[in-house]
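Enquirer: Right, I'll just put the structure down here and ask away after.
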Amino acid sequence: MITIKSAEEIGKMRRAGALLHQVLEELKTLVKPGVTTAYIDQVAEKLIRDGGAIPSSKGYEGFPASICASVNDEVVHGFPTTKPLQEGDLLSIDCTLLLDGWQSDSAFSMAVGRADPETEKLIRVTEECFWIGLDQARAGNRIGDIGHAVQEHAEKNGYGVIRDLCGHGIGREMHEDPSVPNFGTAGRGVRLRPGMVFTIEPMIARGRWPIYVDDNGWTIITRDHSRCSHYEHTLVVTTGDPELLSYPGATIRRFPG
Ligand code: MF3
Ligand code: CO
Ligand code: CO
C-alpha cells in the first residue's frame, strides 16, 4: 500500500532528512587512507544519537551496524570492518535513521584519496543517473519513467544497472511501497502523486549487473567483481520539482546530452 504523507508528516521527514544530511557530510570528511569503516560507523552512531535519532540499520533483521560500508566490488550492505581503507578504494556509505518516528535514507560513494579515472567516472555517472531519474519524479509521471531514465544514462556509459535491489517508499518504515527500480519502461507502473515519499538509489557497476550474496548473508557483490557505485536520497513528490528531504535546499541538477 502506498501512503500519501500529510504536510505535517513531510515536515517531520524533513527534520529526519536534515539530520541525516548533516551526519553524512561529517562522515565524508573522515574518509581517508588508513581509516577503518568500523571507526566511521562508531562516529555515525554517535552523531545520530546526539541528534536525538536512532540508527535504523542497527539490529534491522540482524544487520550489525549503523551504516552500510561497501568497498569496490561490494554493491551495498557491506559490514563496517577494522581493515583500513586504501588509497584508490571506492567506498559507498549508506545510512538510515529514525527521528521522531520517521525514517530517512541516503547514501553516497567516494574515492579514498586519489583513485583511477575510471573509478571517478563511475562515481560521477552514478550521481548523474540519480539526478536524471529524480527529474522524472513528478506528479503524473510513472515509476517506470524514473527507472527508464536511470538505465538509459548508465547503459549509454557502458555500465551495468543492478537489478536485484531498488529504491523504495519510506515513511514510518524504512521500506514501504512502491518499489523504485533503476531500470524499466517509460510510461509503466504506479502513477506518481504529490505527497508520495520514496528513495531513488541507483547502484551502477563498471561491468555487468549480476550479483551474489556474501557468506555473511548480507553483503551484495558483483559476480564479475567490477566496482560498483551507489547514490541515494529520500524525496517527496510535489506539484512542482521533487523535494530532496535528505538534501536540504538542493535544486535539481541537469546534464548536457
Ligand atoms: N539503506 C538501505 C536501503 O537503501 C537499507 C539497509 S538495511 C541494512 O534500502 F540493514 F542493511 F542496513
Ligand atoms: Co539506503
Ligand atoms: Co534505500
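Enquirer: Please enumerate the residues belonging to region 156-169 that are open to solvent by less than 50 Å² (accessible area, probe 1.4 Å) and closer than 16 Å to Glu232 by Cβ.
Expert: Val161, Ile162, Leu165, Cys166, Gly167, His168, Gly169
Enquirer: Hey, among the residues in region 52-78 that are in a loop (DSSP other than H, G, I, E, B) and not small (Gly, Ala, Ser), which one's nearest to the chain's Cα centre (by Cα)?
Expert: Only one residue fits best here, namely His77.
Enquirer: Only residues that are under 17 Å from the mean Cα position of the chain (by Cα), acidic (Asp, Glu) and farther than 19 Å from Arg193 by Cβ: list them for region 220-248, please.
Expert: Residue satisfying the conditions is Glu232 alone.
Enquirer: Can I ask one more? Which residue, of Ala111, Ala107, Ala137, is in contact (Cβ under 8 Å) with a residue 12 or more places away in the chain, in contact with a His (Cβ under 6 Å, 6 or more places away or on another chain) and not β-branched (Val, Ile, Thr)?
Expert: Ala107
Enquirer: Quick one: Glu127 ticks every box in (1) in a helix (DSSP H, G or I); (2) touching a Pro at 6+ places or on another chain (Cβ under 9 Å); (3) open to solvent by less than 10 Å² (accessible area, probe 1.4 Å) bar one, so which box is it?
Expert: (3)
Enquirer: Next question. Here is a check on your reading of the model: is Arg172 away from ligand 1 (no atom under 13 Å from the Cβ), of a type outside the set (Ser, Thr, Tyr) and either surrounded by 14 or more Cβ atoms within 10 Å (Cβ to Cβ) or in contact (Cβ under 8 Å) with a residue 60 or more places away in the chain (or both)?
Expert: Taking the combined requirement at face value, the residue satisfies it.
Enquirer: Name the one entry in His148, His153 that is in contact with an Asp or Glu (Cβ under 7 Å, 6 or more places away or on another chain), assigned to a helix (DSSP H, G or I) and either open to solvent by 10 Å² or more (accessible area, probe 1.4 Å) or within 24 Å of Ala250 (Cα to Cα) (or both). Give the steps one after another, and end with the answer.
Expert: On the way: His148 fails: in contact with an Asp or Glu (Cβ under 7 Å, 6 or more places away or on another chain).
Only one candidate passes the filter, namely His153.
Enquirer: May I ask you to verify whether Ile54 is farther than 21 Å from Val161 by Cβ and touching a Pro at 6+ places or on another chain (Cβ under 8 Å)?
Expert: Answer is no for this residue.
Enquirer: If a residue has to be within 13 Å of ligand 1 (Cβ to nearest atom) and either within 15 Å of Ser229 (Cα to Cα) or not in a strand (DSSP E or B) (or both) to count, how many in region 96-108 make the cut?
Expert: Adding up the residues that qualify gives 3.
Enquirer: Would it be correct to say that Pro84 is touching a strand residue (DSSP E or B) at 6+ places or on another chain (Cβ under 9 Å), touching a residue at least 40 places away in the same chain (Cβ under 8 Å) and away from ligand 1 (no atom under 15 Å from the Cβ)? Step through it out loud before you land on a result.
Expert: Working: touching a strand residue (DSSP E or B) at 6+ places or on another chain (Cβ under 9 Å): yes; touching a residue at least 40 places away in the same chain (Cβ under 8 Å): yes; away from ligand 1 (no atom under 15 Å from the Cβ): yes.
Judged against the criteria, Pro84 is a match.
Enquirer: Now, a different point. Give just the number: which of (1) within 22 Å of Ser246 (Cα to Cα); (2) open to solvent by 60 Å² or more (accessible area, probe 1.4 Å); (3) in contact (Cβ under 8 Å) with a residue 40 or more places away in the chain does Glu118 not satisfy?
Expert: (1)
Enquirer: Next up: For a quick check of your reading of the model, give me the residue pairs whose first member lies in region 18-33 and is in contact (Cβ under 8 Å) with a residue 60 or more places away in the chain, whose second is part of a helix (DSSP H, G or I), with beta-carbon atoms closer than 7 Å and at least 6 apart or on different chains.
Expert: Short answer, once both residue conditions are applied: Val23/Ala44; Val23/Leu47; Val23/Ile48; Leu27/Ile40; Leu27/Val43; Leu27/Ala44.
The values are calculated or read from the model by the stated rules, or taken from the named source; none is laboratory data. Here the structure is a predicted model, which is why all the values come from computation and not from measurement. So basically every Cβ, Gly included, is an ideal-geometry build from the backbone, and we count neighbours across all protein chains shown. Surface areas here come from the heavy atoms of the whole protein model, side chains and all, with no ligands, DNA or RNA. Shrake-Rupley method; radii C 1.70, N 1.55, O 1.52, S 1.80 Å.
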